[in-house]
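Worksheet for the structure shown next.
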Amino acid sequence: MVQNPLLVGIDLGTTNIKAIVFEPNGAIVAAASVPTPTVYPRPTWAYHDPTDFWHKAAQAIRMAVGEVPHPERIVSVAATSTGETGFPLDAAGEATYESIAWFDGRTKAEAQWLDEQIGADRLFAVTGLSLQPIFSLCKILWLRKHAPDAFARTVRWLNAADFIAFRLCGVAATDPSLASRMLMLNLHEMCWATELLDTLDLPHSLLAPLVRSGTPLGQITPQAAALT
């Protein structure tokens with residue numbers, strides 16, 4: 001058991017990416033913040049470059065850890081984020097397209113299409129969400145329609161916190177709190193809404209395994225350790 005262990009929390013927010021080092025009792029040891037890299041290419045659109053997003057998160061971690069005496073005391077790292085930002089990845093774990101920000105407004109047509117094809121009431125009955133363009137399902141449908149080559153190479157869709165966790169340890173997973181903002185979670189059975197995915201001709205494997213919050217995913221990779 002490490003003496004005086006420390007924990008690292010990463011908050012991937014709309015405005016800033018923050019990294020905070022805590023003692024187990026919640027006392028803050030060190031903290032750092034960098035602006036969230038967001039591009040606004042046209043009115044109502046907003047996206048993150050996945051590589052830039054990861055490097056900014058790594059920078060925040062590096063800055064915070066740099067203030068900690070004996071950083072080998074850090075025993076655990078966790079990430080949290082807004083729930084509707086998505087990162088499409090290929091089989092090698094590389095991004096196939098820009099990450100559409102949670103507040104991006106380009107997906108209104110997809111929400112309307114879902115209302116016509118599935119129905120807002122049915123979606124609410126399954127997912128507990130009112131139909132809105134921001135949810136991940138609308139972003140996935142937009143990618144399939146408007147960037148088919150990128151969609152064809154996409155094998156996994158991760159939320160922002162999932163993406164950073166994946167970059168840190170190489171394991172893809174999500175938790176129910178983030179999954180509940182994707183418009184694809186069966187809220188009653190706490191599993192992916194596979195019948196909905198089948199209706200929309202979306203592969204089940206596109207969505208990461210569901211695990212409880214706080215579940216250890218894996219060890220920090222040597223590459224992530226060097227960067228942070």
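Scan region 213-224 and tell me whether some residue there is part of a helix (DSSP H, G or I) and in contact with an Asp or Glu (Cβ under 8 Å, 6 or more places away or on another chain). No, region 213-224 contains no residue that is part of a helix (DSSP H, G or I) and in contact with an Asp or Glu (Cβ under 8 Å, 6 or more places away or on another chain). Please work out if Gly13 is open to solvent by less than 30 Å² (accessible area, probe 1.4 Å) and at pLDDT 95 or above. Spelling it out, Gly13 is indeed open to solvent by less than 30 Å² (accessible area, probe 1.4 Å) and at pLDDT 95 or above.
If you go through region 37-77 and pick out every residue that is surrounded by 19 or more Cβ atoms within 10 Å (Cβ to Cβ), within 15 Å of the chain's Cα centre (by Cα) and outside any helix (DSSP H, G or I), you end up with 2.
Any residue that is within 25 Å of Leu183 (Cβ to Cβ) and open to solvent by 60 Å² or more (accessible area, probe 1.4 Å) - is there at least one of those in region 17-35? No: region 17-35 contains no residue that is within 25 Å of Leu183 (Cβ to Cβ) and open to solvent by 60 Å² or more (accessible area, probe 1.4 Å). Screening Leu137, Leu141, Leu123, Leu168 for residues that are under 20 Å from the mean Cα position of the chain (by Cα), more than 25 Å from Pro43 (Cβ to Cβ) and not acidic (Asp, Glu) leaves exactly one candidate, Leu168. Residue pairs whose Cβ atoms lie under 7 Å apart, sitting 6 or more positions apart in sequence or on different chains, and linking a residue in region 62-90 that is in contact (Cβ under 8 Å) with a residue 12 or more places away in the chain and closer than 13 Å to Leu168 by Cβ to a partner that is in a loop (DSSP other than H, G, I, E, B) and open to solvent by less than 50 Å² (accessible area, probe 1.4 Å), are Arg62/Thr228; Val65/Thr228. Within region 76-125, the set of residues being under 30 Å from Leu6 (Cβ atoms) and of a type outside the set (A, V, I, L, M, F, W, C) comprises Ser76, Thr80, Ser81, Thr82, Gly83, Thr85, Gly93, Ser99. State yes or no: is Asp52 free of Cβ contacts under 8 Å to residues at least 40 places away in the same chain and among the acidic types (Asp, Glu)? It is true that Asp52 is free of Cβ contacts under 8 Å to residues at least 40 places away in the same chain and among the acidic types (Asp, Glu).
The values are calculated or read from the model by the stated rules, or taken from the named source; none is laboratory data. It should be emphasised that the depicted structure is a prediction, and the values quoted were computed from it without experimental measurement. Note that we place each Cβ from the backbone using ideal geometry, even for glycine, and neighbour counts take in every protein chain shown. We work out accessible area using only protein heavy atoms, side chains counted, and drop any ligands, DNA or RNA first. Shrake-Rupley method; radii C 1.70, N 1.55, O 1.52, S 1.80 Å.
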